[in-house]
Amino acid sequence: MVRITEDMVRRRAEHNNCEIFSLEELSLHQQDIERLEHLDRWCRELRILYLQNNVIPRIENVSRLKKLEYLNLALNNIEIIENLQGCESLQKLDLTVNFVWCVSSVASLRANTHLKELFLLGNPCASYHGYRQYVIATLPQLQSLDGEPIRRAERIRALSLEQLRKSVLDQEAEQRQKREREKREARDHGSDDRSPACEAERLEREREFWETPCDFSPESRLEAHRHLEEKRRQCNSDRGKSPKKTRSLIADDGRMLNVNEPKLNFTLTEDEESNSIQLDLHVYRHLDTSLMEVDVQPTYLRVAVKGKVFQLVLPAEVKTDSSTAQRSQTTGHLLITMPKAHGEIKPKKLPERKPLLSHSNLPSKENSRQWLEVDSSRGLCVDLTNIVADTLPASLLPRKPQEVPVSKDFVDNSEVPPLI
């Protein structure tokens, strides 16, 4: 039996900082609750309350919710409408698909003067002849019944049908007798011994339970609910007995196995120049680096990603102390570089450079442009101090400025100051 607890209510009050004394909306649907309790003391400020799809048999412990405006009790085991007189602000009541056979109990809603909408679809009373007219005549404050608005002419006609009222009450009396018979049959059925002696008998009882037709009643719904709960509990207990099988990382003969539990793509390459092995593991881009653990061994590599193991056997023995792991900031990939334990590290080849001019071979008349090589042993820096020869051809020497001849008409005036 599931009871309403304070912890349950607080978990559903996260939008209100888990405070229940000032909670205005609460949803407790599909929780297999079998009794409505405590809410009138813990949540006095409630305005909206969802309790659909449970097994609540009776409306109770809500009379102190003065501010409650909407109460949803659809898909429960309620038979009588009661104990709602204290909900002064109630505007909408949903009792869809319950077992309300006592249609005269709607008279208890007369005290709820603000009630505008009422839903009784799927209840036994909704099949009575003259049910709608009876409810409209009993609750003059209603504006909508079962989702259909109440017209003025319909309200006037319902008030004048006194004979129809007597017919509805007679149908209610017949339904009451039927309910008493169903209760007796449920008590007799519950007294049988239902404990199976073996697995075959248990399966036979299971098949019989679901294939045998039964009346649609609160007892049958509660029995089905408890049957499913017992089956769920049994499945959980069986699951606890057989723990989940862990994946083996080592074969029976001691060999390390290749395992990829997180199902990540990867690229394994060998760099001959640096004599190392590189693994590019395509880790999720937004995964936090703290959720990964790298373990490099001489013959294999193991990476744990959120508890899931990625293990790879290496093609050669590597140096664990010199191995490095780097994370890309753009792609999120994990690059692991592992130097090989054996082998020769080859020097890197220098990139080819364009030849430069040398002073020992300057351009001549026969070959105006000629490229010369530079000694590569001197490095990449070129010495430019001796690039110019001691004696250069006249064509390459700088030209002296030529003197402009004096004009014949030039007159040297002594009074004019010389140019500086």
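Worth a mention:
- Among the trypsin sites (Lys or Arg not before Pro) within segment 74-155, those in coil by DSSP and having at most 12 neighbouring Cβ atoms inside 10 Å are ARG151.
- The residues packed around LEU145, meaning those with a beta-carbon under 13 Å from its beta-carbon, carry a net charge of 0 if Lys and Arg are +1 and Asp and Glu are -1.
- Calculation over all alpha carbon pairs of segment 1-75 in 10 angstrom steps from 0 returns a P(r) of 21, 59, 20, 0 percent.
- Of the Cα atoms belonging to segment 259-339, the radius of gyration and Dmax stand at 12.0, 35 Å.
- Rounded to the nearest 20 debye, dipole of segment 259-339 from Cβ charges on Lys, Arg, Asp, Glu: 460 debye
- Normalised contact order of segment 259-339, rounded percent, pairs of Cα under 8 Å and 6 or more residues apart: 33 percent
- For ILE33, nonlocal amide neighbours, meaning residues 5 or more places apart or on other chains whose placed amide H falls under 5 Å from its own, are VAL55.
- Electrostatic tally near SER89: other residues with Cβ closer than 10 Å to its Cβ, Lys and Arg +1, Asp and Glu -1, net +1.
- Among the chymotrypsin sites (Phe, Trp or Tyr not before Pro) in segment 284-318, those placed in a DSSP loop whose Cβ has at most 14 other Cβ atoms within 10 Å are TYR284.
- For segment 16-90, the set of chymotrypsin sites (Phe, Trp or Tyr not before Pro) satisfying both a DSSP loop assignment and a count of at most 13 other C-beta atoms within 10 Å is given as PHE21.
- Global geometry of segment 6-174, whether rounded, prolate or oblate, following the gyration tensor of its Cα atoms and the 1.5 cut on a/c: prolate
Each value in this text was obtained by applying a stated rule to the coordinates, not by laboratory testing. Owing to the predicted nature of the structure, the values given are computational and were not obtained by experimental measurement. Don't worry about glycine lacking a Cβ; one is built from the backbone with ideal geometry, like all the others, and counts go over all protein chains shown.
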